[in-house]
Amino acid sequence: QGAGPSSGSGAMSASGDIGTSGWAEPGGEASRVAVSSPIGTDAVPFHGDRQAGVDTPGQTHAVFLAFDLDEDLDRDGVRRMLRILSQDAARLTQGRATLADTEPELAAAPARLTVTFGFGRGLVDRIDPDAVPEWLGPLPRFEQIDGELSDEYSDGDLLLQICGDDQMSVAHARRMLTKGTRAFATPRWTQIGFREARGSHPTGTTMRNLFGQVDGTANPQTGSPAIERLVWGVDDGLGADLQPWIEHGTTMVIRRIRMELDTWDELDRPAKEDVIGRRLGTGAPLTGEQENDPIDFEATGPAGFPVISDTAHVRRARIGDGPEHGMLRRGYNYDGADGESGLIFVAFQTDLERQFVPVQQSLAESDHLNMWTTPVGSAVFAVPPGCAEGGFVGDVLFS
Ligand code: HEM
């Protein structure tokens, strides 16, 4: 379950790296921190055909960092930046300090740290204008709901999604990677999100959002044929207009959506359940008993009205049963110091235009949930393939 908060699948232990190899401190002296907690030493491989942090079961903490490239940065500069960031990310995710690490001890417990790179239009254009996919850029404007979208949380040339089960290693990675960008780019926006702590619920439990809803039930399962098609474009039948360089990659949408908790709480429980079409306690559809029961959209109640209303979120979000139906939602809650709460909605899909856009359009038109949700930020990135050891994320664009 891509949204599960506490599964360690796909991860391996990094304990061999820690306490035995140590690392060079800036002063030259080897520093060793013995970490024996299996949660702390759990590490997700960085190198591979595909980047981690997409179908990796959701970690507890996430930081999304968007950057704008410096105006005078040329293709070689982009290459240097991506190489440095990839090398640093490869080390940090395996519990090893970066070469210039000023607090190497903070790298010792990666706790499933992942760093996922997203490329905005500006970055790909800087490397090779011919390689820019048509879809890469701002989403179409959804008039009914996009009135409060602001630049504060929108767009960007480079995105680093840093996820992990321990906020210490996430914060450390954020600092080290931000340092790594300094000669090349400036921060544009930052978003910080969370889910349930690892271990607080059984492995594989679907996350909840701040409305209390079980959120992520309909997601394709990690490792399933559905996720291969819907996210990785394998045997897709989706007609994805992806560039060849994006094979083993995918597309990413990040929408910051404010949630009006106070007015939501004016609804009683049955009314809240009608808005979504699922029960709050179990996440089961109103036409079923268990979370994963199929939704019966045809079912009617005693008065002849549909059990799942015409404006229920799950009905509006289900645009058909063709190959394009579905996406991987991997969002994080946010709860700002200013009292604003919401969802950092994150979706991965093979084909942005056939999977994401029509669903968002359908929701914008008449999703009942819109009364309590307001998008305030929106960004689209290409998620390039992963890289081999010695390579860097995005190297395919330079060959
Ligand atoms: C389903 C909440 C925004 C797409 C769901 C479910 C909940 C939920 C509780 C049912 C359980 C599940 O299958 O995950 C929310 C909240 C949102 C939000 C609170 C905003 C704050 C969006 C957006 C999109 C989206 C922006 C895409 C444009 C979907 C899809 C499903 C879904 C595709 C599965 C529908 C199916 O059963 O086929 N959402 N959602 N949601 N949502 Fe959302």
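The values are calculated or read from the model by the stated rules, or taken from the named source; none is laboratory data. Note that the coordinates shown come from a computational prediction; the quantities given were computed from them, not determined experimentally. Here the Cβ is made from the backbone with ideal geometry for all residues, glycine too, and neighbour counts use every protein chain on show. The protein model used for the area step is the full one, side chains on, heavy atoms only, and it has no ligands, DNA or RNA in it. Shrake-Rupley method; radii C 1.70, N 1.55, O 1.52, S 1.80 Å.
So residue 185 ticks every box in (1) among the hydrophobic types (A, V, I, L, M, F, W, C); (2) in contact with an Asp or Glu (Cβ under 7 Å, 6 or more places away or on another chain); (3) closer than 24 Å to residue 58 by Cβ but one. Which box is left unticked?
Going through (1) among the hydrophobic types (A, V, I, L, M, F, W, C); (2) in contact with an Asp or Glu (Cβ under 7 Å, 6 or more places away or on another chain); (3) closer than 24 Å to residue 58 by Cβ one by one, residue 185 breaks only (3).
Could you tell me which of the residues 342, 301, 331, 336 is of a type in the set (Gly, Ala, Ser) and more than 21 Å from residue 275 (Cα to Cα)? Before you say what the answer is, go through the steps one by one.
Numbers: 342 fails: more than 21 Å from residue 275 (Cα to Cα); 301 fails: more than 21 Å from residue 275 (Cα to Cα); 331 fails: more than 21 Å from residue 275 (Cα to Cα).
Going through 342, 301, 331, 336 in turn, just one is of a type in the set (Gly, Ala, Ser) and more than 21 Å from residue 275 (Cα to Cα): 336.
A quick yes/no check of all residues on (1) open to solvent by 20 Å² or more (accessible area, probe 1.4 Å); (2) touching a helix residue (DSSP H, G or I) at 6+ places or on another chain (Cβ under 9 Å); (3) not in a helix (DSSP H, G or I):
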position	(1), (2), (3)
138	yes, yes, yes
141	yes, no, yes
144	yes, yes, yes
156	no, yes, yes
161	no, no, yes
172	no, yes, no
175	yes, yes, no
178	yes, no, no
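Is it the case that segment 265-288 has a residue that's in contact (Cβ under 8 Å) with a residue 12 or more places away in the chain and more than 13 Å from the ligand (Cβ to nearest atom)?
Taking every residue of segment 265-288 in turn, none turns out to be in contact (Cβ under 8 Å) with a residue 12 or more places away in the chain and more than 13 Å from the ligand (Cβ to nearest atom).
When you go through (1) within 22 Å of the chain's Cα centre (by Cα); (2) surrounded by 20 or more Cβ atoms within 10 Å (Cβ to Cβ) one by one for residue 374, which number turns out not to apply?
(2)
All but one of (1) within 14 Å of the ligand (Cβ to nearest atom); (2) open to solvent by 10 Å² or more (accessible area, probe 1.4 Å) hold for residue 192, so report the exception by its number.
(1)
For the structure I just gave you, tell me whether residue 322 is surrounded by fewer than 22 Cβ atoms within 10 Å (Cβ to Cβ) and closer than 21 Å to residue 222 by Cα.
Details: surrounded by fewer than 22 Cβ atoms within 10 Å (Cβ to Cβ): yes; closer than 21 Å to residue 222 by Cα: yes.
Against the criterion (surrounded by fewer than 22 Cβ atoms within 10 Å (Cβ to Cβ) and closer than 21 Å to residue 222 by Cα), residue 322 qualifies.
Scan 328, 397 and give me the residue that is within 13 Å of the ligand (Cβ to nearest atom) and in contact (Cβ under 8 Å) with a residue 60 or more places away in the chain.
On the way: 397 fails: within 13 Å of the ligand (Cβ to nearest atom).
Answer to the selection: 328.
If I go through segment 116-136 residue by residue, how many of them are out of contact with any helix residue (DSSP H, G or I) (no Cβ under 7 Å at 6 or more places or on another chain), open to solvent by 20 Å² or more (accessible area, probe 1.4 Å) and in a loop (DSSP other than H, G, I, E, B)?
1
Anything in segment 212-270 that is modelled with pLDDT of 95 or more, open to solvent by less than 50 Å² (accessible area, probe 1.4 Å) and among the acidic types (Asp, Glu)? List them, or say none.
215
Filter segment 68-115 down to the residues that are in a strand (DSSP E or B) and either surrounded by fewer than 24 Cβ atoms within 10 Å (Cβ to Cβ) or basic (Lys, Arg) (or both) and list them by number.
Step one: of segment 68-115, the residues in a strand (DSSP E or B) are 68-69, 114-115.
68, 69 - these are the residues of segment 68-115 that are in a strand (DSSP E or B) and either surrounded by fewer than 24 Cβ atoms within 10 Å (Cβ to Cβ) or basic (Lys, Arg) (or both).
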